[in-house]
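The structure appears right after this line, and notes come after that.
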Amino acid sequence: MNLEDLRQKLVRSARRHPVSDAVPYAFEQRIMHAIRDAPAQDPFLPWVAGLWRAALCALAVALLSGGFHWRELVNASASAGDGVPDAELLEVAVLGDLPGFEPADPDAPTP
Amino acid sequence: MDASDTEIITAIRGGDVGRFEELVRRYQPRLFATARRYARRESEVEDIVQAILVRVFQNLDSWRGDAPFEHWIMRIAVRVCYDALRAHQRNREQPMAELSEEESSWLENHASSPEDRTDDTNAARSLVARAFEELAPASRLILTLLELEDRSVREISDLTGWSIPLVKVRAFRARAEMRRILTRMGVEKYL
């Protein structure tokens, strides 16, 4: 007999040992007191977990699409040979679609 | 004639909270039997069953009646028991003790014999309980449902919310984990 056979035999034997379904005296009274004393469940609680998951997924998608967009710009800039710095490309990749965004003028004098 | 679950729940939703006691009386034996598979002591069993029934009451509005109420309440029970197992994980009590005389005797008598004997299930239950105490919560839950309660993979998937492939993978890992624990308990020398 190997260890797995012994394990299965052990479990089959344990299964035959009945588990008690005995209930303590007046347990239902305890439950009725507990439900009366329990605080009302926050109706927004089920939404919280879902919204957190959605926020994490949205962040992951934003990072991935930003990274992809930046890579595309880097590749395009490398093939054009314009030598645009990576930081500027990253700025355009992440913020480019925002309304009112203007990329910094590379020729403007630094303050 | 006893009222059906649906009739009682309709009454509770209508404001007759006292009717919940009927549901408690109807399902508490089954919930106690379930909780006893996971708790470390009797006082913990009562706390687990209380947590199950309070959660059932608080979520009664979400039972839509498309599955039997019994399935729905057992789903909540399994999840509360799983939470209790994870709480145990953070509060481990004591290291593994040596095998008792009864347990050693069971292993001596059964390890080399291929037939299943029906005597001395108490020693087997004790050995399994000790091994299960050492399992990770998910492993213990899977093996309890699959091997002690003899549920199908589909039922376990429904009770736990895990996908069927995940149940199968966890079952495979749980069995391997239990074999390692039995090795640490020293049962191999009886083979």
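The values are calculated or read from the model by the stated rules, or taken from the named source; none is laboratory data. A quick note: this is a predicted structure, and the numbers were derived from the prediction, not measured. Please note: Cβ atoms are built from the backbone with ideal geometry, for glycine as well, and neighbour counts cover all protein chains shown.
If we scan segment B:129-137, do we find a residue that is assigned to a helix (DSSP H, G or I), charged (D, E, K, R) and modelled with pLDDT of 95 or more?
no
Please count how many residues of segment A:70-86 are at pLDDT 75 or above and closer than 23 Å to A:L59 by Cα.
5
Name the one entry in B:R40, B:R36 that is in contact with a His (Cβ under 8 Å, 6 or more places away or on another chain) and either acidic (D, E) or not assigned by TED's automatic domain parsing to the domain that holds B:V128 (or both).
When all the criteria are applied, what remains is B:R40.
The rows are residues; the columns are (1) more than 13 Å from chain A (Cβ to nearest Cβ); (2) on the phi < 0 side of the Ramachandran plot; (3) among the small types (G, A, S); (4) surrounded by 15 or more Cβ atoms within 10 Å (Cβ to Cβ).
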position: B:D5; (1), (2), (3), (4): yes, yes, no, yes
position: B:I8; (1), (2), (3), (4): yes, yes, no, yes
position: B:G15; (1), (2), (3), (4): yes, no, yes, no
position: B:L60; (1), (2), (3), (4): no, yes, no, yes
position: B:R64; (1), (2), (3), (4): yes, yes, no, no
position: B:H71; (1), (2), (3), (4): yes, yes, no, no
position: B:I76; (1), (2), (3), (4): yes, yes, no, yes
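Starting from segment B:154-180, take each residue that is within 15 Å of B:T144 (Cα to Cα) and not assigned by TED's automatic domain parsing to the domain that holds B:A131 and list its partners that are of a type in the set (S, T, N, Q) and assigned to a helix (DSSP H, G or I), counting only C-beta distances under 6 angstrom and pairs at least six apart or across chains.
none
Here's a check for you: in segment A:1-55, which residue that is at pLDDT 80 or above and of a type in the set (F, W, Y) is surrounded by the most Cβ atoms within 10 Å (Cβ to Cβ)?
Applying the filter and picking the extreme gives A:F27.
Any residue in segment B:168-185 that is outside any helix (DSSP H, G or I) and surrounded by fewer than 14 Cβ atoms within 10 Å (Cβ to Cβ)?
Checking segment B:168-185: not a single residue is outside any helix (DSSP H, G or I) and surrounded by fewer than 14 Cβ atoms within 10 Å (Cβ to Cβ).
For the list (1) surrounded by fewer than 15 Cβ atoms within 10 Å (Cβ to Cβ); (2) assigned to a loop (DSSP other than H, G, I, E, B); (3) more than 9 Å from chain A (Cβ to nearest Cβ), I need the number of the one condition that B:R151 fails.
Among (1) surrounded by fewer than 15 Cβ atoms within 10 Å (Cβ to Cβ); (2) assigned to a loop (DSSP other than H, G, I, E, B); (3) more than 9 Å from chain A (Cβ to nearest Cβ), B:R151 violates only (1).
Kindly list, by first and then second residue, each pair from a residue in segment A:16-27 that is free of Cβ contacts under 8 Å to residues at least 40 places away in the same chain and of a type in the set (D, E, K, R) to a residue that is part of a loop (DSSP other than H, G, I, E, B) and exposed (fewer than 13 other Cβ atoms within 10 Å of the Cβ), limited to pairs with Cβ atoms under 7 Å and residues at least 6 apart or on different chains.
A:R16/B:T118
Given the residues B:V24, B:V54, B:V49, B:V45, which is the only one that is surrounded by fewer than 19 Cβ atoms within 10 Å (Cβ to Cβ), within 11 Å of chain A (Cβ to nearest Cβ) and either under 15 Å from the mean Cα position of the chain (by Cα) or free of Cβ contacts under 8 Å to residues at least 40 places away in the same chain (or both)?
Selected residue: B:V54, the only one of B:V24, B:V54, B:V49, B:V45 that is surrounded by fewer than 19 Cβ atoms within 10 Å (Cβ to Cβ), within 11 Å of chain A (Cβ to nearest Cβ) and either under 15 Å from the mean Cα position of the chain (by Cα) or free of Cβ contacts under 8 Å to residues at least 40 places away in the same chain (or both).
Just give me the residues in segment B:154-191 being within 14 Å of chain A (Cβ to nearest Cβ), closer than 25 Å to B:M74 by Cα and of a type in the set (G, A, S), in sequence order.
B:G161, B:A171, B:A174 - these are the residues of segment B:154-191 that are within 14 Å of chain A (Cβ to nearest Cβ), closer than 25 Å to B:M74 by Cα and of a type in the set (G, A, S).
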